[in-house]
Amino acid sequence: MSTQQEKPSSVYASDHNPATIRTHQWRTAANSAAYLLPHLKPDMTILDVGCGPGTITVDLARHVPDGYVIGIDYADKPLAPARALAEEKKITNVTFTVGDVLYLDAYADDSFDVVHAHQVLQHVPDPVRALRQMRRVVKPGGIVACRETASMLWYPRLEGLSAWHDIYQKVARGMGGNPDPGSYLHAWAQAAGFARTGITCSAGTWCFSEPAEREWWSNIWSERVLAPSYVENAVVKGGHCSKEDLERIAEAWQEWAKSKDGWFTITHGEIICRK
């Protein structure tokens with residue numbers, strides 16, 4: 001017998017703890033979806049999968065004032081701040097609802113001009129299935145746009161941050177995710193049915209190096225690695241480290257922030273796929 005609960009679903013190693021929500025609220029269309037913006041037209045309909053607290057989603061709605069945007073997330077928790085943001089900004093052509101990219105049954109074939117996902121496929125146990133679903137609900141000639149982490153680089157090369165990155169990878173894989181897939185998004189897209197000639201690849205970056213940026217990024221990660229949900233996944237379920245290891249990693253983040261030469265960059269792979 002098969003039930004909805006037994007189906008594979010999206011996973012998220014950090015859960016939606018307050019530090020993670022703050023990380024996602026920093027994201028905007030400008031710093032996280034700039035590759036998509038030139039393709040938008042005022043009357044487009046957009047499905048934003050894995051929308052989180054909605055900062056990118058609300059920005060996308062501003063770019064399609066005569067269209068509308070639906071933001072979905074597999075968890076309900078981040079949708080309250082998403083709705084509050086839309087109300088605060090007086091953006092009325094956007095709605096938010098619970099939904100999993102692996103099961104877009106609520107939406108008919110050929111429903112949207114654009115389907116967008118930012119750092120979502122890395123948390124999905126079957127990213128090709130997810131892309132097939134996204135392709136199904138986009139209109140002929142429409143766009144499926146995805147952006148995913150490809151690599152992380154930092155200086156100084158502190159041992160604690162190397163340990164953090166190793167645990168980050170192990171936790172994500174242990175939960176069924178695919179960490180840092182940005183360099184091969186286009187391969188997944190082809191497996192999902194997109195022609196290689198219809199896929200445009202690009203890359204984007206985030207860089208944290210100024211004192212305020214280092215302070216913010218280090219504080220976020222110091223908190224995230226000690227969040228109860230992360231401790232549960234890293235220590236209790238995964239057995240990848242001890243609670244003391246995570247405490248030392250949190251201290252390493254603070255040490256990194258204090259270095260005047262501190263630098264942290266995340267590179268992202270980006271794809272625009274034409275149906």
Principal-axis tilt of helix 79-88 within the chain, Cα atoms, nearest 10 degrees: 70
FRET efficiency, 1/(1 + (r/R0)^6) with R0 25 Å, evaluated for Glu88 and His39 via beta carbons: 0.40
With Cα atoms, 0 to 90° folded angle of helix 211-224 axis to the chain main axis: 90
Rounded accessible area per residue of the stretch 164-203, 1.4 Å, Å²: 45
Beta bridges by DSSP in the chain, antiparallel share as percent, to the nearest 5: 55
Under 18 Å between alpha carbons - lysine pairs in the chain that sit 8 or more apart or on different chains: 5
Difference of contour (0.36 nm per residue) and Cα-Cα distance, Arg274 to Glu232: 11.1 nm
Those trypsin sites (Lys or Arg not before Pro) in the stretch 21-102 that DSSP places in a loop and that have at most 13 other beta carbons within 10 Å: Lys90
The stretch 174-256 shape via C-alpha gyration tensor axes, a/c threshold 1.5: oblate
Lys, Arg +1 and Asp, Glu -1 on Cβ, resulting dipole of the chain about Cα centre, debye, nearest 20: 580
Between the stretch 88-121 and the stretch 154-196, the alpha-carbon center distance in angstrom: 24
Carbon + sulfur, % of accessible area of the stretch 42-198 - ligands and nucleic acids excluded, 1.4 Å: 51
The chain: relative contact order in percent, alpha carbon pairs under 8 Å with at least 6 residues between: 22
Computed FRET value (nearest 0.05) for Arg173 with Glu244, which takes r as the C-beta separation and R₀ as 30 Å: 0.85
Under the Debye formula (equal points on every Cα, no solvent term), log10 I(q)/I(0) of the chain at q = 0.12 Å⁻¹: -0.75
For the chain, calculated [θ]222 nm from helices alone, where every DSSP H run of n ≥ 4 adds -39500 (n - 2.57): -10500 deg cm²/dmol
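The values are calculated or read from the model by the stated rules, or taken from the named source; none is laboratory data. Computed from a predicted model, the values in this text were never measured in an experiment. Positions of Cβ are backbone-derived with ideal geometry, glycine not excepted, and every protein chain shown enters the neighbour counts. The protein model used for the area step is the full one, side chains on, heavy atoms only, and it has no ligands, DNA or RNA in it. Shrake-Rupley method; radii C 1.70, N 1.55, O 1.52, S 1.80 Å.
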